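Every number in this text was worked out from the coordinates using simple rules, so none of it is lab data. It should be emphasised that the depicted structure is a prediction, and the values quoted were computed from it without experimental measurement. All Cβ positions, even for glycine, are placed from backbone atoms using ideal geometry, and neighbour counts span all protein chains on display.
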DNA sequence: TAATTTTGTCTAACGGTGTTAAATTATTTA
DNA sequence: TAAATAATTTAACACCGTTAGACAAAATTA
């Protein structure tokens with residue numbers, strides 16, 4: 001197609017080159033994610049990424065400081081995705097209890113639908129401590145969930161310690177269930193759903209006491 | 001001391017050598033654990049182990065098939081240790097609820113006192129699926145905890161699905177809390193204890209309904 | 001005791017990893 | 001077209017897990 005010709009003649013070459021560089025930056029990330037998806041995160045290597053984008057390995061260092069930076073960027077993408085899913089689920093309901101259930105179910109679904117992301121975010125090198133720095137303010141799972149929790153408890157400040165405690169209770173049981181399930185694939189899906197729902201409604205009930 | 005002399009004269013050299021080999025087998029494991037404790041599991045390498053036991057790397061392969069086998073052995077040791085702690089905690093009480101609380105507290109304490117083991121067992125490569133094959137029958141956390149749970153629920157068979165579900169609920173929230181806490185060291189210890197106790201008593205209460 | 005076999009240990013190497021510096025090629029500028 | 005700049009590659013370093021072959025020490029046999 002004539003796109004490249006148009007670009008050559010009608011655009012500043014600086015911008016064109018800048019866009020191309022942006023594209024390879026994206027390509028590197030995509031290639032990395034493909035490899036992780038195909039062969040697992042442990043099989044990811046700089047040379048494999050280079051192969052996939054048809055360059056040699058050192059080129060990648062023009063775009064990312066090192067391998068860790070690539071993993072970090074993927075982690076960031078994962079957290080953004082998760083935040084989106086949770087927000088979306090929340091928006092579908094007005095009832096507080098429904099919101100909470102929907103949000104945690106969205107979290108649960110994300111963990112299995114985007115298993116590679118979830119492992120990168122929580123499993124592998126446990127870099128979920130950077131979550132707060134990475135995400136735009138107001139879009140961490142806490143920010144999304146704390147509102148309904150506080151409201152249900154009759155507490156105005158979502159940063160209140162009591163709210164925080166309940167939030168961690170939710171998070172713990174769900175993250176624990178997921179960790180255990182990602183490993184032990186034996187347990188039936190039905191039982192897991194049951195545990196999950198029981199736990200969520202149990203905690204939710206305990207909010208208004 | 002004269003031990004070596006005695007050994008030389010009064011013992012078959014075969015046994016002496018066998019004992020020495022047993023010792024280096026242990027030394028390898030100890031060296032590996034020391035490195036993991038000092039520099040983290042990711043820093044563990046065959047050459048470093050060899051350095052520590054004052055041999056060269058290939059020697060290790062006389063004792064362990066490969067690096068994975070060493071990690072596996074350490075994992076096994078970790079599970080044995082955990083099982084011991086939980087059993088010990090259980091034996092200190094007669095009341096069922098007390099037993100459950102003590103066991104899960106022991107689990108919690110183990111995770112932080114033996115952080116390296118716990119990470120090896122659950123964090124790193126998630127090889128807790130081999131738990132059942134590794135441990136002697138009757139000493140998995142499930143085996144230890146299922147009894148009191150079943151009894152409290154008025155169920156005779158500890159393998160009952162309802163017991164299993166409750167067990168996973170306990171395990172999930174505790175494992176989740178631990179995972180989150182090993183990463184986010186920010187949260188105060190007091191709050192964590194509170195969440196843990198709340199969760200345990202909450203689930204325990206739900207057993208007899 | 002001397003020769004031979006067995007055992008223990010090490011050296012050297014292979015193919016792989018992340019990463020860097022220098023050389024080379026291609027592109028833009030003058 | 002010549003010089004300067006940018007893009008890309010080659011080569012190398014230091015590490016990794018692992019294996020094969022050389023070598024020396026010990027045990028066994030003659």
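Tell me, for the rotation carrying B onto A, which chain B residue has the beta-carbon closest to the axis and what that distance is in whole Å.
B:176, 1
Can you give the average number of partner chain beta-carbon atoms within 10 Å of each beta-carbon in peptide B:142-151, as a whole number?
What the average comes to for B:142-151 is 0.
When you look at the Cβ of every residue in B:191-203, what mean number of other chain Cβ atoms sits within 10 Å?
For this peptide, the per-residue mean of nearby foreign Cβ atoms is 4.
Which distances, shortest first and in nm, link residue A:69 to the matching position in the other copies, using label points set 7 Å out along Cα to C-beta?
4.1
Applying 1/(1 + (r/R0)^6) with R0 = 22 Å to the Cβ-Cβ distance of residue B:188 and residue A:160, what FRET efficiency is obtained, to the nearest 0.05?
Numbers: r = 14 Å, r/R0 = 0.65.
Efficiency for this residue pair is about 0.95.
Just report the Cα centroid separation between the stretch B:29-50 and the stretch A:61-78, whole Å.
For the stretch B:29-50 versus the stretch A:61-78, the Cα centre distance is 27 Å.
Ratio to report: Rg/Rh of the stretch B:10-64, with Cα atoms as the point set and Rh obtained by the Kirkwood method; give two decimals.
Using only Cα positions, Rg/Rh for the stretch B:10-64 is 1.09.
According to a simple spin-label model (label point 7 Å from Cα along Cα-to-Cβ), what is the distance in nm between residue B:87 and residue B:42?
In this crude spin-label approximation the distance works out to 3.6 nm.
Give the residues of the stretch A:39-53 whose amide nitrogen is closer than 19 Å to a point set 7 Å from the Cα of residue B:66 in the direction of its Cβ.
Counting only backbone N, you get A:39-45.
Could you tell me the relative contact order of the stretch A:23-96? Use alpha-carbon pairs under 8 Å, at least six residues apart, and round to a whole percent.
25 percent
Would you please put A:19-27, B:198-206 in order of how densely packed they are, using the mean number of other Cβ atoms within 10 angstrom per residue and starting with the highest? Display every interim value, and only then the final one.
Numbers: A:19-27: 12.6, B:198-206: 17.8.
Put in order of decreasing packing, that is B:198-206, A:19-27.
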